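These notes concern the structure reproduced below.
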Amino acid sequence: MRYSKLLIPTLKEMPAEAEVISHTLMLRAGMIRKLAAGIYSLLPLGLSVTKKVEDIIREEMNRAGAQEVLLPAVQPAKLWKESGRWEEYGKELLRFKDRHERDFCFGPTHEEVITDLISKEVRSYRQLPLNLYQIQTKFRDEIRPRFGVMRGREFIMKDAYSFDCDEKGAEKSYKKMYDAYCRIFERCGLKFKAVEAETGVIGGSFSHEFMVLADSGEEGIIFCNSCNYAVNIDRAEIRIEEKRDEGKNKEEMKEIKKVSTPGMKTVEEVSKYLKVRPQDLVKTLIFETENGIIAALVRGDHQINETKLKNFLDCTILVLAGDETVREVTGAPSGFAGPIDLNISIFADHGVKGMHNFITGANETDAHNINVNIGRDFEINGYGDIRNVKEDDKCPRCGKDINIRRGVEVGHIFKLGTKYSQMFRATYLDSTGEERFIIMGCYGIGVGRTIAAAIEQNHDENGIIWPMSIAPFQVLILPLNTNDTTVMETSENIYNSLIDNNMDVVIDDRDERPGVKFKDADLIGIPLQIIIGLRNLKEGNIEIKIRRNGEEIGRAHV
Ligand SMILES: [Zn+2]
């Protein structure tokens, strides 16, 4: 390809709309342009990377025995009403009517369509197992699309669905996909972790998320250095340390006292003011749920995890109460809530158990209680694991040190069981002629997200540094003096011979200053640069540079 003929509209300035580095660099490198909120056009470089990622996915899916199909993006409401998700999915589902006033949606996922298809086409155990996949455009009407293609509304996704006769087969299919996903992300040149995850709205029995490690990642993940424990932060169990407060257990209950804490609302402010440690405080948080208002207690140095609290309470709605509700329930503004004399249920994290003579809000403006004790001063309705893991927590499996990192979710695999096959009566006849439900799994990879995650993990202050396998081009030839015939002839010769050797190569034949070419070269991140300048060429040399470390790997003689 010739740079002069390609549409690569690079930008010098930081685009104002971008919040994360991958978004900034995709815009600056001229890979994407925004059409509407969360909806992007892929320009030549963006599409080239997309196709490379898709090719890797396709090869590994085929190798794992999956077959490619292409299902419609537009889906009739009828199927979604059958699964109950027409209501359940909410506003993320983009709905519209055709000319006959029939309801349709733009598919955010394809469980309904594929299960309906299989229920009609599969009759016998002889047709199973099956794994069908597609690479296709999906639409989810995110309330707040952001981070460019990372959280767009329209996006390209690979989704696969497996169909098996029994649990054993389903687990085998799941394992195959797990292995295929590992190979896919390895081949994309990414550092990633497969973590045990929540199943969320799709439902099912267990699942793994594939997370590309990047500081800018939206999700917190925990993993152990010593064993293979790796989970999403919302799922991380806390290792309960016995005897932590044994010494304190013997402590006598002191007399409860109200102390003045003018304007001191946060744990930090109160502990500093009262000259105590944050872990001597207990935070009281008021939440609204569909079953009423509750209070949740965590130790002062701990953070509540709302997903864990939600699971513990077994509720579907959980919102931190606003100032007005807090005042109604506690009689004081936020920041001074405490558990004493509350007329609502109180739940506490395990970490609060065994605490004595601690500090809480006094349910009164500018006041806290000291020497508060469970049992004497108030009762707890239940203890649970409802806080975030901390750096100094230990692995719940083996007790060794853990890592807390951030990641970008690029893939997700679920073992679905019979949830959808029951809804759509997707059954088969077993070898004895008995009718059974097909057991399903579903497996997704966000193609755009994988690209964004690759950039989050591979960039420097000058631009993108593509892993070779997904780079839009492998080699960039930079003739520095376009008016010089020797420079251009040499460049063209190298260009042609690389093409003859099946390399993906682009030549920057633009009549631009070397400085401009170098800047663009680093920004678009082609892994290998071949620099051909008049001065070097006079001595018969060309320069070969690796983008990743700027290292000059050699001067080739020509
Ligand atoms: Zn461990």
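Numbers below:
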{"read-out": "Sites LYS91 and ASN549 - FRET efficiency at Förster radius 51 Å, r taken between beta-carbons, to 0.05", "value": "0.65"}
{"read-out": "Ranking by accessible area, most exposed first, for THR432, THR427 with a 1.4 Å probe", "value": "THR432, THR427"}
{"read-out": "Label-to-label distance, nm, for residues given as TYR178 and ARG436 (7 Å Cα→Cβ offset)", "value": "2.2 nm"}
{"read-out": "Trypsin sites (Lys or Arg not before Pro) within segment 1-94, DSSP loop, no more than 15 other Cβ atoms inside 10 Å", "value": "LYS12"}
{"read-out": "Highest-first arrangement of 503-509, 456-462, where packing means the average Cβ count within 10 Å", "value": "503-509, 456-462"}
{"read-out": "Solvent-accessible area per residue for the chain (1.4 angstrom probe, square angstrom)", "value": "47 Å²"}
{"read-out": "Taking the C-alpha atoms of segment 1-99, convex hull volume expressed per residue in Å³", "value": "202 Å³"}
{"read-out": "Net charge contributed by nearby residues that have their C-beta within less than 13 Å of THR261 (K/R +1, D/E -1)", "value": "+1"}
{"read-out": "Largest-first ellipsoid semi-axes for the chain, taking √(5λ) over the Cα gyration tensor eigenvalues, angstrom", "value": "51, 35, 22"}
{"read-out": "Percent accessible area from carbon and sulfur atoms, segment 434-544, protein chains only, probe 1.4 Å", "value": "45 percent"}
{"read-out": "Peptide ranges 261-271, 17-27 listed from the most packed, as the mean C-beta count within 10 angstrom indicates", "value": "17-27, 261-271"}
{"read-out": "Orientation-averaged projected area, Cα convex hull of segment 246-384 (nm²)", "value": "7.8 nm²"}
{"read-out": "Whole-Å semi-axes of segment 473-557's equivalent ellipsoid (Cα gyration tensor)", "value": "17, 15, 13"}
{"read-out": "If the convex hull is drawn through the Cα atoms of segment 142-226, its volume per residue in Å³", "value": "150 Å³"}
{"read-out": "Under 17 Å from LYS415, Cα to Cα: aspartates and glutamates that are on another chain or at least 8 residues apart", "value": "GLU111, GLU112, ASP159, ASP164, ASP166, GLU167, GLU171, ASP179, GLU196, GLU198, GLU209"}
{"read-out": "Sites ARG144 and GLN303 - FRET efficiency at Förster radius 25 Å, r taken between beta-carbons, to 0.05", "value": "0.65"}
{"read-out": "Per-residue ³J(HN,Hα) for segment 409-425, Karplus 6.51 cos²θ - 1.76 cosθ + 1.60, θ = phi - 60°, Hz, x for Gly and Pro", "value": "6, 10, x, 8, 10, 10, 9, 8, x, 10, 3, 7, 5, 5, 4, 9, 6"}
{"read-out": "Share of carbon and sulfur in the accessible heavy-atom surface of segment 1-148 [1.4 Å probe, %]", "value": "54 percent"}
{"read-out": "Segments 276-288, 224-236 sorted - mean Cβ within 10 Å per residue, highest first", "value": "276-288, 224-236"}
{"read-out": "Theoretical gain in end-to-end length, ILE340 to GLU171 [0.36 nm per residue, Cα-Cα removed]", "value": "55.9 nm"}
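The values are calculated or read from the model by the stated rules, or taken from the named source; none is laboratory data. Since the structure is predicted, the reported quantities are computational estimates derived from the model, not experimental observations. For neighbour counting, all protein chains shown are included, and Cβ atoms are generated from backbone atoms with ideal geometry for every residue, glycine included. The protein model used for the area step is the full one, side chains on, heavy atoms only, and it has no ligands, DNA or RNA in it. Shrake-Rupley method; radii C 1.70, N 1.55, O 1.52, S 1.80 Å.
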